[in-house]
Structure formats: C-alpha cells, structure tokens
Amino acid sequence: MHSATHQAISAVWRIESARIVATVARMVRDIGLAEELAQDALVSALEHWPTQGVPDKPGAWLTAAAKNKALDHLRRSRMQGEKLEQIGHDLEAQEALIVPDFVDALDAARQDEIGDDLLRLIFTACHPVLSTDARVALTLKLLGGLTTHEIARAYLVPEPTIAQRIVRAKRALSEARVPFELPRGAALGERLASVLEVVYLIFNEGYTATSGEDWMRPALTDEALRLGRMLAGLAAGEPEVHGLAALMELQASRTAARVDAAGRPVLLLAQDRSRWDRLLIRRGLAALAHAEALGQARSQPLGPYALQAAIAACHARAHQAAETDWARIAALYDALAQAAPSPVVELNRAVAVGMAFGPAAGLEIIDALRGDKSLQGYQWLPSVRGDLLAKLGRRGEARAEFERAAGLARNARERELLLERASEMQPLEPPP
C-alpha cells in the first residue's frame with residue numbers, strides 16, 4: 001500500500017513541482033528558498049498520505065502545504081512588518097492559510113496566476129546572469145522535475161558537478177538580486193530568446209546525444225517537449241514560441257524510425273516513414289500554422305524556429321523520401337540564413353542545395369566553409385562533404401572525409417555509422 005502511495009506522490013510531484021515552486025517563489029522572492037519549502041511540503045505528503053490516503057486534489061494539497069510553510073518561514077524571519085502586511089492583503093497569501101485537507105478547486109483566474117508564476121520561474125531560471133550550462137541544469141531541475149542524478153546521467157557529467165552547478169546558479173540569482181518577475185518591453189524579447197534557446201538545447205541533446213553510447217536520450221526530448229508545450233500555453237501570443245513547439249513536435253515524430261532494432265542510427269532518407277508518429281506530426285503542423293498566423297497578423301516574417309519547423313514540415317508531408325520538396329527546403333534555408341546566419345545553417349543549406357540542384361552545387365557551399373574555425377571540430381562538416389563526394393563518384397576522397405568525421409565524433413553510435421560509411425567507399429573494381 002505504502003509503495004503505491006509513494007509512486008503516486010512521485011508522479012504528482014513530477015507534474016506539480018514546477019507550479020508549486022513558482023507559486024512559493026512569488027511569496028518569498030527567492031528560487032532556492034522556494035524549492036526548499038516545496039521540498040518540505042513533499043516531506044509532509046510522504047509523512048501523511050501513506051496513513052491518511054492520497055487527497056482528491058493532491059496538487060492543491062501540496063501547494064497549500066508549501067505556502068503555509070512559506071508563511072511560517074516569513075514569520076520566523078521576523079518579517080511581520082511591511083512584508084507580512086503586504087502578504088496579508090494578497091489573496092494568494094490568504095489562500096495559503098487554508099488547511100491542505102480542505103483545499104478547493106482552483107478557478108480560472110487562479111490558473112492564470114499560476115501561468116504567470118510559471119512564466120516568472122522560466123524567465124528567472126534562464127536569466128542571462130547564469131551560464132548556459134547553469135540555465136539548462138536549473139531549468140531541468142525546477143521545470144522539468146528531473147533529479148540531480150537524472151540530469152547528470154543525461155549529460156554524462158558527474159552528479160556532484162551538476163549539484164554544484166545548480167547550487168551556484170541559485171546563489172548567483174540571489175546575489176544578483178534577480179527579481180522574480182516577467183521582463184517587460186524589449187527585455188521580454190531578449191529574455192524569451194534565452195528561454196527558447198535553453199529548451200531547444202535540451203531537446204537537441206536528447207534528439208542526438210553529443211556523447212556516450214546511445215544515439216538518443218528520449219527522457220530529455222520528452223522534458224523539452226513538455227516545456228515547449230507549457231510555454232506555448234503560457235506565452236500564447238508569441239509566434240516563435242509556437243515555432244519552437246512545432247519544430248520539436250515534428251522532429252520528435254521521427255523518434256521510432258531513427259534507430260534500428262540494434263539501436264544503430266538510421267539517417268533521415270533511409271527511415272521507414274510509416275513509423276513516424278502521425279499525432280505528433282499533426283500537432284507540429286498545427287503549431288506551425290498558428291505561428292504563421294500570428295506572424296502574418298503582425299506583418300512579421302517567420303522567425304528562426306518557425307523557419308526550421310517549416311523545413312521539418314516539408315519532410316513530414318513527404319510520405320516517401322523521393323517526394324521531398326528539396327527546392328522549397330533550400331529556399332527556406334536561404335531565408336533562415338538571412339534571419340539567423342551561422343556556419344551550421346550554411347552546412348545544412350549545402351545539404352538541401354545538393355539534393356535540389358545536384359551534389360556539385362552543395363559541394364561548392366561546403367568547400368567555402370572548410371576554413372571556418374568554428375566548424376573545425378564539427379564532425380558533420382566532413383561527413384556532409386564525404387556524402388557529396390560519394391555522389392560525385394570521388395570515393396577515395398569521400399572515404400577520407402568519413403574517417404575524419406568518425407575521429408571527431410564523441411558519440412559511439414555516430415562513430416560506428418561514420419566508419420561504416422567509410423568502409424563502403426572502397427574503390428570500385430574495373431569491369432572485366
């Protein structure tokens with residue numbers, strides 16, 4: 001019985017922890033303290049629920065318990081003066097005095113407040129005062145509900161390193177007196193870009209792991225999808241939020257087809273598209289249409305995430321690889337290169353151009369990138385060049401490029417794939 005209750009508590013915590021931390025953080029204005037108080041509420045549930053039973057509204061119970069603990073902390077800290085007077089006039093704090101067993105359902109207005117709190121939490125966890133690594137770790141901990149052990153395992157980093165990263169991130173936010181609030185005006189757009197970047201970094205690490213033995217880490221893609229869907233609901237008027245959601249849904253739809261029965265990578269053009277998830281494709285196409293409509297209403301061109309989603313949509317709409325509209329994909333990469341220029345975008349554009357207009361055209365773009373210092377250790381540059389050379393019949397050069405790419409790869413599955421491509425580039429025997 002207790003085991004089933006503990007499983008229920010774990011499930012509720014994974015779903016509700018971000019909302020609880022966000023709600024308490026608005027009261028105490030400190031993310032680290034808010035997380036501690038939320039954890040105290042979790043301990044209360046572990047103490048009471050096995051004997052009293054899981055309440056009808058477990059999320060509301062935990063939220064109310066955490067808020068009561070927040071008020072207790074404020075009282076103990078001798079903050080009854082101006083702070084408690086302010087809280088006393090706040091309906092949110094008044095609700096915290098309700099005994100958890102008698103918490104009623106949250107109404108629509110309260111749900112809006114929770115949405116605002118979650119947005120504040122996301123923007124605070126992704127504040128520019130933190131390094132990218134710290135933002136990712138803190139976001140996964142607070143909003144993804146992952147444990148320190150799970151984050152460390154996902155990123156192949158020692159658990160103490162992740163723990164220190166999270167502790168330092170919370171300390172940095174506190175020492176910098178980062179306000180627990182939504183940025184306004186131009187700052188909103190600047191900070192939103194950081195939030196979207198962190199979510200997409202998490203997704204990409206799950207979609208194609210940079211190192212380790214596995215090609216993918218589904219737990220990370222799932223968490224990124226959950227965060228993306230959450231953002232799409234909380235920042236419903238922002239086109240790029242829906243663009244990112246669309247991009248992740250469409251890419252995630254290919255998950256089942258991206259590895260074979262032995263866990264080896266299967267590249268896009270060789271995938272069995274009947275295994276693509278049609279529900280995720282529908283969700284992705286709907287999110288992309290929404291992003292496009294919002295952009296048109298503002299007379300704005302598609303942003304980088306929406307453009308990448310539009311590229312992914314071209315693949316999703318092609319039931320067979322041969323049906324892919326490569327000319328449109330190349331045009332979308334042209335637009336992406338204007339909106340967010342980078343060597344990686346140019347590399348991907350070379351692939352599309354090579355497919356649409358022939359390998360020689362793609363190779364011309366690739367060769368212009370070979371001197372770019374930022375791509376010197378990037379295995380996909382020699383890999384793409386090797387593929388284009390192979391199509392041109394320059395097998396010896398292709399083999400050398402695939403071997404060079406394999407030497408740069410840190411992911412074991414990726415390295416195996418590239419060495420296999422190299423072995424296929426044996427010189428053709430002359431006809432008898």
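Coordinate-derived values only; no laboratory data. Since the model is a prediction, treat every value here as computed from it, not as a measurement. Every residue, glycine as well, gets a Cβ built from its backbone with ideal geometry; the counts of neighbours run over all protein chains shown.
Please list, in order along segment 266-277, the HN-Hα scalar couplings obtained from phi with the Karplus expression 6.51 cos²θ - 1.76 cosθ + 1.60 (θ = phi - 60°), rounded to whole Hz, x for Gly and Pro.
Computed from phi, the couplings for segment 266-277 are 10, 5, 3, 5, 9, 6, 7, 6, 5, 8, 5, 7 Hz.
Would you count, across the chain, every pair of lysines whose alpha carbons are under 22 angstrom apart, provided the pair is eight or more residues apart or spans two chains?
9
Would you mind classifying the chain by shape? Square roots of the alpha carbon gyration tensor eigenvalues, ordered a ≥ b ≥ c; an a/c under 1.5 is rounded, otherwise it is prolate if a/b is larger than b/c and oblate if not. Mind showing how you got there, number by number?
Numbers: a/c = 2.32, a/b = 2.04, b/c = 1.14.
Here the chain falls in the prolate category.
Counting Lys and Arg as +1 and Asp and Glu as -1, each charge on the Cβ, what is the dipole of segment 331-373 about the Cα centre in debye, to the nearest 20?
Values: 3 positive and 5 negative charges, 18 e Å.
In total the dipole reaches around 80 debye.
Name the long-range amide H neighbours of Val259: under 5 Å, sequence gap of 5 or more, or other chain; modelled H, no Pro or chain starts.
Placed amide hydrogens put Val266 under 5 Å from Val259.
In terms of the Cα gyration tensor, with a ≥ b ≥ c the square roots of its eigenvalues, is segment 254-321 rounded because a/c is under 1.5, prolate because a/b exceeds b/c, or oblate?
Working: a/c = 3.08, a/b = 2.58, b/c = 1.19.
Prolate shape, in that a/c is at least 1.5 and a/b is the bigger ratio.
Work out the FRET efficiency for Ala11 and His319 from their Cβ-Cβ distance, taking R0 = 30 Å, and round it to the nearest 0.05. If you can, show how the numbers build up before the last one.
On the way: r = 37 Å, r/R0 = 1.25.
The computed FRET efficiency comes out at 0.20.
If I model a spin label at Arg29 and Gln52 as a point 7 Å from the Cα along the Cα→Cβ vector, what separation in nanometres do I get?
That separation, rounded to one decimal, is 3.2 nm.
What whole number of Å gives the distance from the Cα centroid of segment 363-390 to the Cα centroid of segment 191-233?
A separation of 26 Å, based on Cα centres.
Could you tell me how many degrees, from 0 to 90 and to the nearest 10, lie between the Cα long axis of helix 380-391 and the main elongation axis, the longest principal axis, of the Cα atoms of the chain?
30 degrees
Under the rule of -39500 (n - 2.57) per DSSP H run of 4 or more residues, summed and divided by the residues of the chain, what mean residue ellipticity at 222 nm is obtained, to the nearest 500 deg cm²/dmol?
On the way: 20 runs with 299 residues, N = 432.
Calculated from helices alone, the mean residue ellipticity at 222 nm is -22500 deg cm²/dmol.
How tilted is helix 326-339 with respect to the longest principal axis of the chain? Cα atoms for both, answer in degrees (0 to 90, nearest 10).
50 degrees
Please state the relative contact order of segment 355-432 as a whole percent: Cα pairs under 8 Å, 6+ residues apart? Mind dumping the intermediate values first?
On the way: 83 pairs, mean separation 20.1, N = 78.
Relative contact order here is 26 percent.
Please state the relative contact order of the chain as a whole percent: Cα pairs under 8 Å, 6+ residues apart? Display every interim value, and only then the final one.
On the way: 585 pairs, mean separation 43.1, N = 432.
Relative contact order here is 10 percent.
Mind checking the angle between helix 304-317 and the chain's longest principal axis? C-alpha axes, 0 to 90 degrees, to the nearest 10.
On a 0 to 90 degree scale, this one is about 60.
How high is the FRET efficiency from Gln376 to Asp260, r the C-beta distance, R0 30 Å, rounded to 0.05?
For R0 = 30 Å, the calculated efficiency reads 0.45.
Positive end of the charge dipole of segment 282-432 (Lys, Arg +1 and Asp, Glu -1 on Cβ, about the Cα centre): tell me which of Ala398, His290, Gly386 has its Cα farthest that way.
His290
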